[in-house]
Amino acid sequence: MPHPAIATDDRKEKVTEQKEYTGSEILLRCLIREGVDTLFGYPGGAVLPIYDSLYHKGIRHILARHEQGAIHMAEGYARITGKPGVVIATSGPGATNLVTGIANAQMDSIPLVCITGNVPQNLIGTDAFQEADITGITMPITKHNYFVTDVRDLPRVVKEAFVIASTGRPGPVLIDIPKDVSNAKAHLEYPEKVSIRGYQPTTDPHPLQLQKLHAAIAKAERPVILAGGGVVTSGADQELRDFAERTQIPVTTTLMGIGGFSGNHPLWMGMPGMHGTYAANHALLECDLLIGIGVRFDDRVTMGRLDKFAKGAKIAHIDIDPAEIGKNVDTYIPIVGDVKRVLQEALEGLPRSRSEGWLKRIEDWKRQYPLTFRPSEKTLKPQWLIRHLYETTGGDAIVTTDVGQHQMWVAQYFRFAKPRSFISSGGLGTMGFGFPAALGAQIADPDRLVICVTGDGGFQMTSQELAIAALENLPVKVVVVNNRCLGMVRQWQEVFYQERYSEVDLSGGPDFVKLAEAYGVKGLRARTEEEAKRVWQEALAHPGPVVIDFEVDPEENVYPMVAPGSGLDEMMMGDEET
Amino acid sequence: MRHILSVLVNDQPRVLARVANLLGRRNFNIESISVGESEEPGLSRMVIVTRGDERTMEQVSKQLHKLVDVIKVQDLSSHPVVARELMLVKVGAGPSTRTEIAGIVEPFRASVVDVGSNSIMVQVTGDREKLDALLDLLRPYGIKEIARTGVTALSRGPIKVPS
């Protein structure tokens, strides 16, 4: 939190001040004006002036143990609060260590403001010590980026960065500040508003398109809503529920859309796509009207087989990013606008669809082909574990995941009733994301239960951030679904590469209990359902962070599964059906 | 189909890199890009020649629009347009062939802009087909170097006389 006195002083300052400040002081004062209460970062040579100003300023700063940890924390923070996460790194390796997190934020539309230092301008382009062209490197993975050449531009640049990061389709913005600019002095003129000529997102829908949507709904006999991350981002979960109930249209939520529509709602069909439910996939195959809301028709949903995807359907597509409309699928009714605004407007005079028979078929599919796994007395089944986490928490927790089998099992077996509860790396598929994201989420919402479900592979990519869990006493419960291997890669090698298990064996350590204890964090272990129940209760009762090593059956696979290149009609249903 | 896009951009460092990077990253084809000042201070006009079907062109235009430094994107292919390219060609030419080459160049309204002991330089402007045609005629004399600017273009003014 900002020091109260300083923060209040700052907010009372006149827009234009007589006093001159250094670039780094200006930067921090601008951040405070933007309401930034937490910074995630790592110092170094080129950001020494910024950290010197920070020493006096008293904004909370989380000193991650790796820049990738810092940026994933900022992403977790942003996904919970909806506000831009702010991360600071030094030039060269500090900046390049942010790259994975920036690409992740770009793919999943997470608002971030990334501040990097760079070498002084007289050294730019000379391959100076710790020089990297981070503006060039991040050009394709940022919504926009800046290289600040004049300290007088800094306030405007910071203001623009926050506006661009957090409005329209959110995303990461990077500001690269050479050291001489941080040190140079100028008056602080912080603009209250900026107008950016080349940046004017459309938020309100075209009324004509809404009329077309209403007409299509009134005629539809087999309609489906495909809801994505845009529903969560725009805070449109209530509107979506009203929309689905009024039209009686069943809903499938993409990985990024999980929580945007309650997993307990009778109209919910589960997740679609590669590891989607039978009901959701077959609804997408057989629908006559598909309403995509805040989605981008990713290949993990369509399987890239656009010839089979929603083949007989008219597609309506609601998205704030016009470039998403028509990118992957042909759209009959394009609606550009903020999902919340569009749905609010669409609710006016919204007709009911003719879905009675269709809903019955979907109910039959749900009943006939539920998600299944083979229970075991001897080994701990990961699906059972996730379901147990769900049942014991009543679904009222923030769950972050890494990437792979455990991620899919959380998506399948943990039912999320509220938005901004499931935090995962969807587009980029970043291993190492889950744990630092959980720390950022806990910082953003200190009172909620935060569970990080991770794998033994992904956890090892950023487990050094256990130091932060301990130091900040962030009571995150880290559930390591430990199968001693890279489970999803192993699954593909089993199914597509005739069981040639190449370099997926992670057995041999570390001992996650001891690893946790090395950081002063509580460590627990379970190998059976009985042990799992007991240690999970112990973990929930513990006031601080806990790492629980759940040694699960290493041969378990994620089903259903659709092979890449196959259509959604070619689902492998797993053990139960074979 | 070949398209000519006229793109107004902020005259900022790296703006060409942003545009070229985007087109490359999204696997869009670039035949040529030319950049220069525009009628408005602070803005440059980029003329991009590209190929693609309707869907691709829609994506090119929408993706370009997402760049904060891009102010306006116009596909000139749907309008009457004046499109020109400038080419300089250095052709092998001794005293005996100079006049001959000058004769070839003349109907193209091209001009000889430099004469060396064993080469001459020809300057020509026009559309791509014209430049290619001249190039074919010059080829037998031995082409030493070519520099082409890429296409620049503007849409024609309205034909209707305002009443």
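The values are calculated or read from the model by the stated rules, or taken from the named source; none is laboratory data. All values reported here derive from a predicted model rather than from experimental measurement. Cβ atoms come from the backbone with ideal geometry, glycine included; neighbour counts cover every protein chain shown. All accessible areas refer to the heavy atoms of the entire protein, side chains included, with ligands and DNA or RNA removed. Shrake-Rupley method; radii C 1.70, N 1.55, O 1.52, S 1.80 Å.
Would you mind computing Rg(Cα) / (2.2 N^0.38 Å) for segment A:382-561, counting N as its residues?
Numbers: Rg = 15.2 Å, N = 180, 2.2 N^0.38 = 15.8 Å.
Computed over Cα atoms of segment A:382-561, the ratio equals 0.96.
How high is the relative contact order of segment A:207-368, in percent, with contacts defined as C-alpha pairs under 8 Å that are six or more residues apart? Mind dumping the intermediate values first?
Details: 321 pairs, mean separation 49.1, N = 162.
Contact order relative to length: 30 percent.
Order A:ARG415, B:ARG45, most accessible first, counting only protein heavy atoms with a 1.4 angstrom probe. Display every interim value, and only then the final one.
On the way: A:ARG415 105, B:ARG45 45 Å².
Result, largest first: A:ARG415, B:ARG45.
What's the long-distance tail for segment A:161-270, i.e. % of Cα pairs beyond 21 Å? Please report the intermediate quantities before stating the final value.
Numbers: 3434 of 5995 pairs.
So the portion of pairs separated by more than 21 Å is 57 percent.
Let's test the formula: R0 of 56 Å, r as the Cβ-Cβ distance of B:THR149 and A:ARG367. What FRET efficiency results, to the nearest 0.05? Could you put the intermediate results ahead of the total?
On the way: r = 68 Å, r/R0 = 1.21.
Rounded to the nearest 0.05, the efficiency is 0.25.
In square angstrom and rounded to 100, what buried accessible area do you get between chains B and A, total over both, with the probe at 1.4 Å? Walk me through the intermediate numbers first.
Values: alone 10000 and 22720 Å², together 31040 Å².
Summing both sides, the interface buries roughly 1700 Å².
Under 20 Å from a point 7 Å along the Cα-to-Cβ line of B:GLU39: which residues of segment B:59-98 have their amide N that close?
Zone members listed by number: B:70-84.
Exposed loop sites here are GluC sites (Glu not before Pro) in DSSP loop states with at most 11 other C-beta atoms within 10 Å. What is the longest stretch of chain A lacking them?
On the way: sites that count: A:GLU192, A:GLU348, A:GLU377, A:GLU499, A:GLU503.
Longest site-free region, per DSSP loop and neighbour criteria: A:1-191.
Put a dot 7 Å past each Cα toward the Cβ at B:ALA102 and A:TRP492; how far apart are the dots in nm?
It is 6.9 nm.
What FRET efficiency would be calculated for the residue pair B:ASP75, A:ASP133, taking the C-beta separation as r and a Förster radius of 35 Å, to the nearest 0.05? Mind dumping the intermediate values first?
Working: r = 32 Å, r/R0 = 0.93.
The computed FRET efficiency comes out at 0.60.
Taking a threshold of 32 Å on the Cα-Cα distance, which of the pairs A:LYS311/B:LYS66; A:LYS311/A:LYS381; A:LYS57/A:LYS193; A:LYS314/A:LYS366; A:LYS327/B:LYS72; A:LYS179/B:LYS66 fall above it? All intermediate terms of the calculation are to be shown ahead of the outcome.
Working: A:LYS311/B:LYS66 30 Å; A:LYS311/A:LYS381 37 Å; A:LYS57/A:LYS193 24 Å; A:LYS314/A:LYS366 24 Å; A:LYS327/B:LYS72 20 Å; A:LYS179/B:LYS66 30 Å.
Pairs exceeding 32 Å: A:LYS311/A:LYS381.
For Cα pairs less than 8 Å apart in space and 6+ apart in sequence, what is the mean separation divided by the residue count of chain A, i.e. the relative contact order in percent? Before the final figure, lay out the partial values.
Working: 1317 pairs, mean separation 78.0, N = 578.
Rounded, it is 13 percent for chain A.
Nearest 500 deg cm²/dmol is fine: what mean residue ellipticity at 222 nm does chain A get from its DSSP H runs of n ≥ 4 alone, each adding -39,500 (n - 2.57), divided by its residue count? Before the final figure, lay out the partial values.
Values: 24 runs with 221 residues, N = 578.
Counting only the DSSP helices, I get -11000 deg cm²/dmol.
Any idea how far apart A:LYS378 and B:GLN59 come out in nm if each label point goes 7 Å out from Cα toward Cβ?
5.0
Given a Förster distance of 35 angstrom, what is the FRET efficiency for A:LYS514 paired with A:THR202, based on the Cβ-Cβ distance and rounded to 0.05?
On the way: r = 54 Å, r/R0 = 1.55.
Between A:LYS514 and A:THR202 the formula returns 0.05.
Heads up, I need the accessible area for A:THR401: 1.4 angstrom probe, whole protein in place, Å², nearest 10.
Here the accessible area works out near 0 Å².
I'd like the antiparallel share, as a percent to the nearest 5, of DSSP beta bridges with both residues in segment A:277-357. Show your work: numbers first, answer last.
On the way: 0 of 9 bridges.
That works out to approximately 0 percent antiparallel.
Quick one: ranking A:LEU63, A:LEU371 by accessible area, 1.4 Å probe, largest first, what do you get? Don't skip to the answer; put the middle values down first.
Details: A:LEU63 80, A:LEU371 50 Å².
Highest to lowest solvent-accessible surface, that is A:LEU63, A:LEU371.
Viscosity 0.890 mPa s, temperature 25 °C: Stokes-Einstein D of segment A:279-421 from its Kirkwood Cα radius, in µm² per second? Intermediate values should be presented prior to the final figure.
Values: Rh = 18.0 Å.
Translational diffusion coefficient: 136 µm²/s.
Per residue of B:66-73, how many C-beta atoms from partner chains lie within 10 Å of its own C-beta, taken as a mean?
Details: counts 11, 5, 11, 5, 3, 3, 2, 0.
Taking the mean over all residues of the peptide, I get 5.
On average over all directions, what projected area in square nanometres does chain A have, based on the convex hull of its Cα atoms? Don't skip to the end; give the middle numbers.
Details: hull surface 107.1 nm².
One quarter of the hull surface, i.e. the mean projection, equals 26.8 nm².
Among bridges DSSP assigns within the protein assembly as shown, what percent are antiparallel (round to 5)? Show your work: numbers first, answer last.
Working: 48 of 111 bridges.
Beta bridges within the protein assembly as shown, antiparallel portion: roughly 45 percent.
Quick one: which bits of segment A:128-151 get at least 30 Å² less accessible when the partner protein chains are in, versus the chain alone, with a 1.4 Å probe?
In segment A:128-151, residues shielded by partner chains: A:MET139, A:PRO140, A:HIS144.
Compare B:VAL68, B:VAL151, B:VAL105 in a GNM of chain B, Cα atoms joined below 10 Å, and give the one with the largest fluctuation.
B:VAL68
Once Lys and Arg get +1 and Asp and Glu get -1 on their Cβ, which of A:ILE293, A:LEU213, A:GLN18 lies farthest toward the positive end of the dipole of the protein assembly as shown?
Towards the positive end, the residue furthest out is A:LEU213.
Per residue, how much accessible surface does chain A expose to a 1.4 Å probe? Answer in Å², no decimals.
Working: 21910 Å² over 578 residues.
Result: 38 Å² of accessible area for each residue.
What do you reckon, how do A:VAL479, B:VAL113 stack up by accessible area (1.4 Å probe), largest on top?
Numbers: A:VAL479 0, B:VAL113 70 Å².
Order by accessible area, largest first: B:VAL113, A:VAL479.
Provide a list, ordered by number, of residues in segment B:1-40 showing at least 20 Å² less accessible area with every protein chain present than when their chain is taken on its own, using a 1.4 Å probe.
Correct list: B:ARG14, B:ARG18, B:ASN21, B:ARG25, B:GLU40.
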